[in-house]
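Down below is the structure, laid out as structure tokens.
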Amino acid sequence: MAEIEAIVMPKWGLAMQEGMVASWLVEEGEEIEKGEEIADIETSKIANVFESPVEGLLRRLVAGEGETLPVGALLAVVAPEEVGDAAIDAFVADFQARFAAEGPSVAAAPEPQTLEAGGRRLRYLELGDAAGTPVLLVHGFGGDLNNWLFNQEELAEDYRTLAIDLPGHGGSTKEVGEGDVGTLAAAVLAFMDASGIERAHLVGHSLGGAICIDLALNHPGRVASLTALAPAGLGPEIDIAFIDGFIASNRARKLRPFLEMLVHDPALVTAEMVEDVLRFKRLDGVEAALNTIAQACFPGGRQSLEFEARLEELRCPAQVIWGKQDRILPASHGEDLPETLEAHLFEDAGHLIHMERAREVNALIGAMLRR
Amino acid sequence: MARKSYRQAINEALRQEMERDSRVILMGEDVAGGMGAEGEDDAWGGPLGVTKGLMPIFGRERVLDTPITESAFIGAAAGAAATGLRPVAELMFVDFMGVCFDQIFNQAAKFRYMFGGKAVTPLVIRTMYGAGFRAASQHSQCLYPLFTHIPGLKVALPSNAYEAKGLLIQAIRDDDPVIFFEHKAMYDEEAEVPDEAYAIPFGEANVTREGEDVTIIAFGRMVNLANEAADRLAKDKISCTVVDPRTTSPLDTETILETAAETGRVVVVDEAHPRCNMATDVAALLVQEAFGDLKAPVRMVTGPHAPVPFSPALEDLYIPSAARIEAAVRELVAGS
């Protein structure tokens, strides 16, 4: 049994090659728990807290604050008290020598693919090749398949996972038809048909959550389970200022406050994250697509589709997960739901619950998939 | 999405806009190559192969090899723009622009104003600029300040392949004459470039780094050097904001003033000669509009007021470097 354990730079999402230790939240000599927040790490895409993958006595902080290191580089060392300092020194020296020789083992990032479905080109990212019912990940308004960067790889360890770009989003066709939830749900169903998926576990966020609820209600035979993260469709309220601001803001400084509405801790939003959204919004056809969807789904600043009355019809295992500080869709929509839909509400979390609470959300999705 | 070179990004922008709009035509010296002569068609695709492959798709009617007479074909392009086409003319090196100043300064730039707003001139002139190519003083200048000076012209300086595609598409869709500056040392530099068409609006700066200590405003190829300097300085806990204005006309003065006010210290990096260049222009803006926000004098990092030397050793010294930017930032931080 290895007494000395290494804590290394995590890999968040497909594109991450290196990260910067912005600050340590623990000190040498502290006992740390698995899952405890031990550091703030920033990548070019996003900043987030790093939760310890191990438990034990923190003996050595190897990476300094402000230091940028490749994925897999040594950040800290955990070992019981009886291990001598010399042994820790030797462990660090040995790790660093091997890491320097072998280099960071960042595998080539898997590339998204496209397929034709229902008259549209849809882009998707497939990870994991486990047999059994696959998992379909459906992003929300203005998002894309990269929104699952803290979730998909972990789920892919045990499941075949497919994250798709909805029509009008990411690398998919920007034509969205009527732009309503029914049209978008039909596009997801066409994607399942085209890729030969008879039945899938559905995980959807926000507008994608409404799409997944629609599919679970109207095509129960195709849906093995439902996880809806801060879904639309469970009440009339929405902060339409976000939708309007997201569509109208074409400069980083104007857009940023709207993106900050998505999270409880605005420090999560980095300059590059803002630029990535702008890059999406600049693509030909995107503004029209977003306007069409917004007008169909949120006319007059209210949600047009309410599933509450039909939730008792749900036949598959189903759960909703919500951050209580969600500023876009109120978490109150996740309260007082019928027994067919389990609710999990988190304190100190906003609309991007799958990013802000990735570990807990992944655990809840994993538990749902294992049922 | 894939990594594409600056050259490929420009080629893709031209192809997509030519597919989208049949009024878009290309003209210039050897933009295909071989017109009216025996031998290989599309042998050149421009002096550095940027337009290669477009003539076989769109034909000789839309990809025109011109004689080596800049005054004639730039004039023809301006006239074609005024009468309904959307020409993209390639004028090899910006250093040669002098022979057609009348066509550009007095004709194309003035049509909208002199015809009472009733005429539009959707002309794009693509041209190479910049030192580092061992091409001596007549093929290495950064003349964008001259064009920025003329009301009626728009001037774009893409700093990487992503910017090049989006700014060129905007230039082609724009109803005013645009001088589009391609740095000749950047054609092989790669970036993530979407396959789909997209336009980057003019006059909206890109903030490529966000910091608290110093604001670096850099133009064209200098943006990459500024980013490099900022990343190195970050290791010493000096955090810099880097601003890429993207276009010098229109100029995003709002972002420049905001980011300058946030740090109070500004370095302006411009490869052009130091008199009447973008660095002096930005410095003047800051002195007039943001004097109270400044904690230190504005620093300029530019080439010297001398022609670009032919000696490789001297040319390398001539061009502003990341090290010089870094030194300027350190001086500012140390001095205030």
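Yes or no: segment B:179-188 includes at least one residue that is under 25 Å from A:LYS281 (Cβ atoms) and either away from every other protein chain (no Cβ under 13 Å) or open to solvent by less than 10 Å² (accessible area, probe 1.4 Å) (or both).
Yes, segment B:179-188 has at least one match.
Mind listing whichever residues of segment A:13-32 are over 21 Å from A:HIS354 (Cα atoms), open to solvent by less than 30 Å² (accessible area, probe 1.4 Å) and assigned to a loop (DSSP other than H, G, I, E, B)?
A:VAL26
Look at B:GLY220 and say whether it is assigned to a loop (DSSP other than H, G, I, E, B), closer than 22 Å to B:ILE256 by Cα and within 11 Å of chain A (Cβ to nearest Cβ).
no
Only residues in segment B:22-51 that are of a type in the set (Lys, Arg) count as the first member; pair them with residues that are surrounded by fewer than 21 Cβ atoms within 10 Å (Cβ to Cβ), Cβ under 8 angstrom, at least 6 apart or cross-chain, and list the lot.
From segment B:22-51, the pairs are B:ARG23/B:GLY84; B:ARG23/B:LEU85.
When you scan segment A:71-140 for strands (runs of 3 or more DSSP E) that lie fully inside it, which ones turn up with 2 or more residues that are within 24 Å of the chain's Cα centre (by Cα) and surrounded by 17 or more Cβ atoms within 10 Å (Cβ to Cβ)? Before you say what the answer is, go through the steps one by one.
Working: elements: A:74-78, A:113-117, A:120-127, A:135-138.
Where strands (runs of 3 or more DSSP E) fall fully within segment A:71-140 and carry at least 2 residues being within 24 Å of the chain's Cα centre (by Cα) and surrounded by 17 or more Cβ atoms within 10 Å (Cβ to Cβ), they are A:120-127, A:135-138.
Could you list, ordered by first residue, the pairs with Cβ atoms under 8 Å in which the first is in segment A:134-159 and charged (D, E, K, R) and the second is surrounded by 24 or more Cβ atoms within 10 Å (Cβ to Cβ) and in a loop (DSSP other than H, G, I, E, B), at least 6 apart or interchain?
A:ASP144/A:ASP165; A:ASP144/A:HIS169; A:ASP144/A:GLY170
In segment A:307-330, what count of residues is obtained for those that are assigned to a loop (DSSP other than H, G, I, E, B) and within 16 Å of A:THR340 (Cβ to Cβ)?
So the count comes out to 5.
Within segment B:228-240, can you find the residues that are open to solvent by 20 Å² or more (accessible area, probe 1.4 Å), in a helix (DSSP H, G or I) and within 12 Å of chain A (Cβ to nearest Cβ)?
Hits for segment B:228-240 are B:ASP231, B:ARG232, B:ALA234.
Pick from A:VAL203, A:VAL188: which is touching a strand residue (DSSP E or B) at 6+ places or on another chain (Cβ under 8 Å) and not in a helix (DSSP H, G or I)?
Result of the check over A:VAL203, A:VAL188: A:VAL203.
Can you work out which of the residues in segment B:248-275 that are over 23 Å from B:GLU212 (Cα atoms) and more than 17 Å from the chain's Cα centre (by Cα) is nearest to the other protein chains (Cβ to nearest Cβ)?
The selected residue is B:PRO274.
Give all pairs with beta carbons closer than 8 Å in which a residue from segment B:200-211 that is more than 7 Å from chain A (Cβ to nearest Cβ) and within 12 Å of B:ILE256 (Cβ to Cβ) meets a residue that is in a loop (DSSP other than H, G, I, E, B) and acidic (Asp, Glu); count only pairs at least 6 apart in sequence or on separate chains.
B:GLY203/B:ASP252; B:ALA205/B:ASP252
Just checking, which of A:GLY334, A:GLY301 is crowded, with 19+ Cβ neighbours inside 10 Å and of a type outside the set (D, E, K, R)?
Numbers: A:GLY301 fails: crowded, with 19+ Cβ neighbours inside 10 Å.
Result of the check over A:GLY334, A:GLY301: A:GLY334.
Just to verify a result, which residue in segment B:11-55, among those that are more than 20 Å from B:HIS139 (Cα to Cα) and among the acidic types (Asp, Glu), is modelled with the lowest pLDDT?
Among residues in segment B:11-55 that are more than 20 Å from B:HIS139 (Cα to Cα) and among the acidic types (Asp, Glu), the one modelled with the lowest pLDDT is B:GLU38.
Would you mention how many residues in segment B:127-152 are part of a loop (DSSP other than H, G, I, E, B) and crowded, with 23+ Cβ neighbours inside 10 Å?
The total comes to 4.
The values are calculated or read from the model by the stated rules, or taken from the named source; none is laboratory data. Since this is a predicted model, take the numbers as computed values, not measurements. Quick reminder, even Gly has a Cβ in these numbers, built from the backbone with ideal geometry, and neighbours come from all protein chains shown. The accessibility values were calculated without ligands, DNA or RNA, using every heavy atom of the protein model including side chains. Shrake-Rupley method; radii C 1.70, N 1.55, O 1.52, S 1.80 Å.
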